[in-house]
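All of the numbers you see were taken from the coordinates with simple rules; none came from a lab. What you see is a predicted model; the values in this text were computed from it and never measured. As a convention, Cβ positions derive from the backbone with ideal geometry for all residues, glycine included, and neighbour counts pool all protein chains shown.
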Amino acid sequence: MTMLADSADAVIGVDTHTDTHTACMLDHLGRQIATVTTTADPQGCQMLLAWAVRQMPGSRLAWVVEGTRSHGLGLARMLQASGHVVVEADRPARASTRPGGKSDPADALRAARDALAAEKLAQPRSDGPREALRILLTARAQASTARTAAVNTLKALLLGAPDNLRQSLRGLTTPQQASKCRSLRAHAHQPVAEQILRTELRRLATHIRTWDRELRANKAQLRQLVAQIMPALLDQPGVGPMSAAQLLVSWSHPGRCRSEAAFATLAGVSPLEASSGKITRHRLNRFGDRQLNRALHVIINWRMLHHCPTQAYLARRAGHKTEREIRRCLKRYAARSLFRLMETAART
């Protein structure tokens, strides 16, 4: 994407919130023209668009919207449907490091000026199948967290269970323990504490089975959607339906990341210089999309155990690099190859 000053007559920065949107219009030289605040509902978005057209009739407008996948999603969708150029605003600096304080008009002005000066602009993520994958991944994360909490609670209650009950569950796997706990019954001749314990263990075990079923159904949906969108991903070693879905959600669409290096930076696997004196080395990158970084970590872990070329690389590098450095290199290689695969598959 070219610089906004070359492609637009006016740039409108929008600071989005739950109830209101504040917009600030600049000309292509960065001079402030007007500021307005509207409601964050569809009528307010239409009023914002009409206001911009009245301020600069017949001009090329570019919109810099904060939170294009959160509070600004409705506005971004409406602007894109109307044929306007929409840019995703960069994350603002912390309030403590911003000169001049903070307000909604100031944030909108900052977003517009930052975009005018930027050489590299971010496109909003796409809707459609990518949004469906994001929803499934969000639901999966919630279900996985709830299942883990239920398992942890069940294990904690078993620690204080009567000896005969603990002995019957000793040495079993978690699914086997949950299966046995679902058959527990409380009887009147038992102490009240044991009756309540058995009831709660049965309830938790039932919840665990429910979450297991939901996670299996979620995985099947993810696999089906990924197979429809980009089946080539599932053919790559170590790439399962969850990792493939996260790759597609973070990548979004062709051209959003300008290069494989930009995709590696997004994934937090681009090397950071950590050299000093005669020592030349790189360190891990703790920035970027941590869920994408996690997906690459899962892929690399599988390849280190089952993928012959990766194991050969490990053997070659074992005496020259630490395990952390080897993993960093492998993540970087995986980001490069998977980005090129997604770009090529999407265009062909």
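See the values below:
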quantity	calculated
Pairwise label distance in nanometres, Leu284 with Arg316, each label 7 Å out on the Cα-Cβ vector	2.4
³J(HN,Hα) computed for each position of the stretch 132-148 - Karplus, 6.51 cos²θ - 1.76 cosθ + 1.60, integer Hz, glycine/proline x	5, 5, 4, 5, 5, 5, 5, 5, 5, 4, 5, 5, 5, 5, 5, 5, 4
5 angstrom amide H check on Ala34, placed H, neighbours 5+ away	Met25
Amide H partners (placed H, <5 Å) of Thr20, local residues excluded	Ala40
Under the Karplus curve 6.51 cos²θ - 1.76 cosθ + 1.60, θ = phi - 60°, whole-Hz ³J(HN,Hα) for the stretch 102-117, x wherever Gly or Pro sits	9, 7, 4, x, 5, 5, 5, 5, 4, 4, 5, 5, 4, 5, 4, 7
Restricting the stretch 248-332 to trypsin sites (Lys or Arg not before Pro) in coil, as DSSP defines it, with at most 13 other Cβ within 10 Å	Arg258, Lys278, Arg281, Arg286
Most to least packed among 120-130, 71-81 [average Cβ atoms within 10 Å]	71-81, 120-130
Mean projected area in nm² (Cα convex hull; one quarter of hull surface) for the stretch 232-348	7.7
Charge-dipole axis of the chain as Lys and Arg at +1 and Asp and Glu at -1 on Cβ define it, positive-most pick from His306, Phe263, His207	His306
Hydrodynamic radius by Kirkwood, which averages 1/r over all alpha carbon pairs of the chain, in angstrom	24.2
Under 5 Å, built H, 5+ apart or other chain: amide partners of Arg69	none
J(HN,Hα) series, the stretch 158-166, from Karplus relation 6.51 cos²θ - 1.76 cosθ + 1.60, nearest Hz, glycine and proline x	5, 5, x, 6, x, 4, 5, 6, 4
